[in-house]
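Accompanying notes for the structure given below.
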Amino acid sequence: KLASSGDDSKLASSGDDSQLASSGYGSKLASSGNCSKLASSGNGSKLASSGNYPKLASSGNYSKLASSGNYSQLASSGYGSKLASSGDDSKLASSGDDSVVANIGNRGSAKAKKGSWIVLAEYTSSGVPINVKVEFVDGIVIKEDTWYRLQDGIFKEVE
């Protein structure tokens, strides 16, 4: 368990079930173990995880969250945030304005606020990519705060 309240902090962990938290601006949190939890409340923070089942959360503006593990859950409430995941069965949610959410893992889903962008990918049953699509959350065709998954080349609402 690592915690920091200062600006520009750097926290890293390679073990499973790690918990990293920072409230300082420009903090960098990274974990390579499974089931890690990373959280930051400062602006401009960077959170990254490569293990399966991680949970990353940020409330600061202009934060960057990235995960390559399967079953990831990324959430951000800050303005201008960027969320990215390449792991399968991951969920990305942004409640901040003007954000970009890119979930390119198999069976990935995402939701965002109006004025943000969502990127999703679709794969064959054998794991071959067949579609990647970008949509603008306009509030009409693509609704804000609604979960989407790419299916048959189009964004489909999911629960």
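The values are calculated or read from the model by the stated rules, or taken from the named source; none is laboratory data. For clarity, every value in this text was computed on a predicted model and none was experimentally measured. All Cβ positions, even for glycine, are placed from backbone atoms using ideal geometry, and neighbour counts span all protein chains on display. Note: areas computed on protein heavy atoms with side chains; ligands, DNA, RNA excluded. Shrake-Rupley method; radii C 1.70, N 1.55, O 1.52, S 1.80 Å.
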Expressed as a whole percentage, what fraction of the accessible surface of segment 1-134 belongs to carbon and sulfur atoms when a 1.4 Å probe is rolled over the protein heavy atoms? 50 percent
Among Ala84, Ser22, Tyr53, the residue whose Cα sits farthest towards the positive end of the charge dipole of the chain (+1 at Cβ of Lys and Arg, -1 at Cβ of Asp and Glu, taken about the Cα centre) is Ser22
Within a Cβ distance under 15 Å of Glu159, other residues only, what is the Lys/Arg minus Asp/Glu net charge? +3
Determine the distance separating the Cα centre of segment 68-87 from the Cα centre of segment 1-53; give it in Å without decimals. 13 Å
Long-range amide H partners of Ser31, meaning residues 5 or more apart or on another chain whose placed amide H is closer than 5 Å, are Ser13, Ala48, Ser49, Ser50
Taking 8 Å as the Cα distance limit and 6 or more residues as the minimum spacing, I'd like the relative contact order of segment 1-55 as a percentage. 31 percent
Length gain on complete extension for the stretch Ser126 to Asp17, per 0.36 nm per residue less the alpha carbon to alpha carbon distance? 36.2 nm
Stretch gain in nm, segment Tyr79-Ser5, where the contour uses 0.36 nm per residue and the Cα spacing is subtracted: 24.6 nm
In Å, the C-alpha Rg and Dmax of the chain are 15.1, 47
Over the chain, with the other protein chains present, what is the accessible area per residue in square angstrom, probe 1.4 angstrom? 48 Å²
Contact order normalised by length for the chain, with contacts defined as Cα pairs under 8 Å and 6 or more residues apart; what percent is it? 11 percent
At q = 0.17, 0.19, 0.21, 0.23 Å⁻¹, base-10 log of I(q)/I(0) for segment 75-157 (Debye sum, equal scatterers on each alpha carbon): -0.56, -0.69, -0.83, -0.98
With Asp89 itself left out, Lys, Arg at +1 and Asp, Glu at -1 over residues whose Cβ is under 13 Å from its Cβ give +2
Mean Cβ neighbour count within 10 Å, used as a protection proxy, ranking 67-74, 127-134 highest first: 67-74, 127-134
Counting Lys +1, Arg +1, Asp -1, Glu -1, what net charge surrounds Gly127 among other residues with beta carbon under 12 Å of its beta carbon? -1
